[in-house]
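Every number here is computed from the coordinates shown, using simple stated rules; none is lab data. Note that the structure is a prediction, hence the values are computed from the model and not measured. Reconstructed Cβ throughout: ideal geometry from the backbone, glycine too, with neighbour counts over all protein chains shown.
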């Protein structure tokens, strides 16, 4: 099955949605290529943040509701915090942004139940001209809208 290009653009400091894709057999496999090349301020790293959103409605309809993922954080005494998930790419064993002048090839794999998914992505640290991201869906093809 050919891969589907979900995103291939410079990142901004605001989250931007990728193209939607179909979840196949409850599995999502995404390959990210992140190029950090800060021209305006050489040496400045880039912190790339992203999160998945899910729906089982028509993913191409303008009014479709997309649902964010949450984490569960049990802080005790029956208090479970359900924080909105934001994923951050970082170097091995670090919480630091991705160093400048490098290309990162990253794979993520999930098991989810919704029919469709899309990715919201941004660069939170670093200038907008500093970071390009390409996201490929290895399993999920482009969704077809339901007939009217």
>> If I take R0 = 22 Å and measure r between the Cβ atoms of residue 111 and residue 61 in this structure, what FRET efficiency does the formula 1/(1 + (r/R0)^6) give, to the nearest 0.05?
In response: 0.30
> Among 90, 62, 17, which one moves the most in a GNM of the chain with springs linking Cα atoms closer than 10 Å?
Replying inline: 62
> Pick the calculated P(r) over Cα pairs in 10 Å bins from 0, in percent for this structure from (i) 11, 37, 32, 17, 3, 0; (ii) 11, 31, 35, 16, 5, 2, 0; (iii) 11, 32, 22, 14, 10, 7, 3, 0?
Replying inline: (i)
> Sorted by average packing, counted as other Cβ atoms within 10 angstrom per residue and highest first, what order do 66-74, 132-140 take?
Replying inline: 132-140, 66-74
